[in-house]
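Accompanying notes for the structure given below.
What follows draws every value from the coordinates through simple rules; no lab data is involved. Keep in mind it's a predicted model, so treat the numbers as computed, not measured. Note: ideal-geometry Cβ built from the backbone for every residue, glycine included; neighbour counts use all protein chains shown.
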């Protein structure tokens, strides 16, 4: 009887290799999650931050609400946006979505 008890506890206790095999699917899922979701999001945020820091007077932009205009003035947190001749609105810098190529607004 005692030999059966020793055999049973030895089989029930997982070794180092068995633990790795149990956690391997979780590790693989985390790696896939990182490369498919987290990393691209971090890259996009970095590009957005760079675009906002390089924003200059005269650039043509699109805001997150879909408003197109030309930058007339820039402050730390706000951008003055000329959406028509003599019509200027103020938007937060974080609302700037896309930087357009020069002359895009004239073509509309």
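Of the residues making up the range 70-91, those that are closer than 13 Å to residue 55 by Cα and part of a strand (DSSP E or B) are 70, 71, 72, 73, 74, 78, 79, 80, 81. Somewhere in the range 99-107, is a residue surrounded by 10 or more Cβ atoms within 10 Å (Cβ to Cβ), under 16 Å from residue 53 (Cα atoms) and within 22 Å of the chain's Cα centre (by Cα)? For the range 99-107, residues surrounded by 10 or more Cβ atoms within 10 Å (Cβ to Cβ), under 16 Å from residue 53 (Cα atoms) and within 22 Å of the chain's Cα centre (by Cα): present.
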